[in-house]
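A.B. asks: There's a structure below that I have some questions on.
The values are calculated or read from the model by the stated rules, or taken from the named source; none is laboratory data. Computed from a prediction, not measured in an experiment: that's the story for all the values here. Heads up, the Cβs are rebuilt from the backbone with ideal geometry, glycines too, and the neighbour counts pull from every protein chain shown. Just so you know, the surface numbers come from the protein's heavy atoms only, side chains and all, with ligands and any DNA or RNA stripped out. Shrake-Rupley method; radii C 1.70, N 1.55, O 1.52, S 1.80 Å.
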Amino acid sequence: MTLFSARRQLPPTAGLTLQWRDLAGKRADFSACLAQELGIPPPLLTCSGTAALIIALRTLQQRQPDRCQVIVPAWTCPLVALAAHHCPPLKIVPCDLAFGSINFDRQQLSQLCGPQTLAVVVTHLAGRIADTEAVLNIAKPQRAAVIEDAAQSMGAKNAGKSVGLAGDMGFFSLAMGKGLTTVEGGVLFSHSAEIQRAMARQIADDLPSHRGWELRRIAELWGYRLMYHPDRLDWVYGRQQRRALSRGDAVAAVGDDFTVNDIPLHTLGGYRQNVAAAALARFPAWQQENRLRAQSRIGELEQLPGVTVLQDGPQQQGVWPFLLVLMPDSTTRDYAMQRLWSAGLGVTRLFIHALSGYPTVLPFCLPTATPNAEDFAARSLSISNSHWVEDRDFEQIIAVLRDALSRSVSRRKVNSC
Ligand SMILES: *Cc1c(COP(=O)(O)O)cnc(C)c1O
């Protein structure tokens, strides 16, 4: 192998690419640009989505200091649980999903939500739109707040309105891989001017500017501009992933091997805001392309027997960073992933475990039964919706899925005789 022979590696999600002229950092009001583009109040900006959630939780704690539980979907980003660790004495209560859905199991949510509940976190996973109305109906009688975690769904609209406006507060993530990126960054807002002011005060108290982190993130942002391309991504992403997989560490392979100390708290610097504002000009057209690509590929995936792809309901217009696919069973999913995970085709898994399956977050979680979340973790895989996933790549993925499905059919025949 020579120094310059890199394997082709497709990114696992559709990230909005940066252009060199974005990095010129022409002065712009990023918050105002986001408000205009998304139809939200001018949002507050933080160093990460996790920091935005911490600010949201601390703001709520000021109002209801006696409440010490936050209910979250049992299948979500482990950082959500780690955020609670930064808001003592808050405990995480994982609530199961409805079978095969990103929505809560409503019956369990009703049982878990009570006078000790500070907030319920509704999560718009994978660009899809979760049922916030149903959660408000359960949470409001208990005087629990509703936070919309739209980390993966910036730009998604429900009945023409941005996600994040139905609940008490909402946030987006600008982390790498979530779409528009500042390497790390968070966007926090509320339809209520009063809550928004309280969150702004909380940020003034809790998030200092931090030169060291800012310089590091700026360097990483330039690195993203340089390396975010199928010819170079293997150096910074593919290799690490293969190495993690070869030692059997699936959690590290998807980058979810966080520790409680991984959460810096600071502001989002002005230069990175300017870069993101420049890239935001391409956001609407890019989302439209993503939508069209997703629609045609979903059509093909749905031809496969027993395979479902998470999609939008009526009135919903989600976003498409990747396609979240449910296979009929975990054996078929695992068989397909054995062939696809290291193939550089942008196929991976979202969260490896239900929350209580991560040793780092287990200490902050109350024990609940979450069989549907575990089923989701066992049967799901994600297919990148990057424009670099060409039709021939997608056909290769479809062929592997078809093969995995036919094997599982023949296996079932053997078992039944
Ligand atoms: C990524 C993510 C977060 C955390 O956002 P960061 O910007 O990475 O801190 C929270 N919730 C969900 C569902 C996520 O995917």
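A.B. asks: Under 13 Å from the Cβ of Asp149, count the other residues' Cβ atoms, weight Lys and Arg +1, Asp and Glu -1, and hand me the total.
C.D. replies: Taking every Cβ under 13 Å from that of Asp149, the sum is 0.
A.B. asks: Then there is this: Using amide H atoms built in the peptide plane, which far-off residues or other-chain residues are under 5 Å from Thr76 H to H?
C.D. replies: Correct list: Leu355.
A.B. asks: Which percent, to the nearest 5, of DSSP beta bridges fully inside region 90-216 are antiparallel?
C.D. replies: 45
A.B. asks: OK, next. Where the centre of each part is set by its Cα atoms, how far does region 106-126 sit from region 36-67, in angstrom?
C.D. replies: 18
A.B. asks: Then there is this: Between Asp66 and Ser330, what length in nm is gained on full extension when 0.36 nm per residue of separation is reduced by their alpha carbon distance?
C.D. replies: Contour length minus the Cα-Cα distance gives 90.9 nm.
A.B. asks: Of all the accessible heavy-atom surface of region 322-365, with the other protein chains kept in place and a 1.4 Å probe, what percent is carbon and sulfur?
C.D. replies: 56
A.B. asks: Under a point spin-label approximation (7 Å from Cα along Cα-to-Cβ), what is the Arg143-Gln303 distance to one decimal in nm?
C.D. replies: 5.7
A.B. asks: If you don't mind, there's one more thing I want to ask. Could you work out how far the C-alpha centroid of region 153-177 sits from that of region 258-280, in angstrom?
C.D. replies: Their Cα centres are 18 Å away from one another.
A.B. asks: Would you mind getting me the FRET efficiency between Arg247 and Ser410? Use the beta-carbon distance for r and R0 = 30 Å, nearest 0.05.
C.D. replies: Efficiency, rounded to the nearest 0.05: 0.40.
A.B. asks: Could you provide, to the nearest whole Å², the per residue accessible area of the chain with probe 1.4 Å?
C.D. replies: 42
A.B. asks: For a test of understanding, tell me how many lysine pairs in the chain have Cα atoms under 27 Å apart, given they are 8 or more places apart or on different chains.
C.D. replies: Close lysine pairs found across the chain: 7.
A.B. asks: Ignoring ligands, DNA and RNA, please state the percent of accessible area on region 20-211 from carbon and sulfur, probe 1.4 Å.
C.D. replies: Result for region 20-211: 51 percent of the exposed heavy-atom area is carbon or sulfur.
A.B. asks: Considering only the other residues whose Cβ falls under 12 Å of the Cβ of Val135, what net charge follows from Lys and Arg at +1 and Asp and Glu at -1?
C.D. replies: Charge balance near Val135 sits at -4.
A.B. asks: On a full-extension model of 0.36 nm per residue, what is the gain between Gln111 and Leu215, subtracting their alpha-carbon distance, rounded to one decimal in nm?
C.D. replies: Contour length minus Cα-Cα distance gives 32.8 nm.
A.B. asks: Could you tell me the center-to-center distance, by alpha carbons, between region 281-314 and region 362-389 in angstrom?
C.D. replies: 20
A.B. asks: Quick one: Karplus J couplings for region 187-202, per residue in order, coefficients 6.51, -1.76, 1.60, θ = phi - 60°, nearest Hz, x for Gly and Pro?
C.D. replies: 10, 10, 7, 9, 5, 8, 4, 5, 5, 4, 5, 5, 5, 4, 5, 4
A.B. asks: Continuing with the same structure: Calculate the spin-label point distance for Ala200 paired with Asp403, positioning each point 7 Å from the Cα along the beta-carbon direction, and give it in nanometres.
C.D. replies: Label at Asp403, label at Ala200, 5.8 nm between them.
A.B. asks: Quick one: net charge of Glu37's neighbours, Cβ under 14 Å, K/R +1, D/E -1?
C.D. replies: Cβ neighbours under 14 Å give a net charge of +2.
A.B. asks: Mind checking the dipole of region 20-211: about its Cα centre, +1 per Lys or Arg Cβ, -1 per Asp or Glu Cβ, Debye to the nearest 20?
C.D. replies: Computed about the Cα centre, the dipole is about 260 debye.
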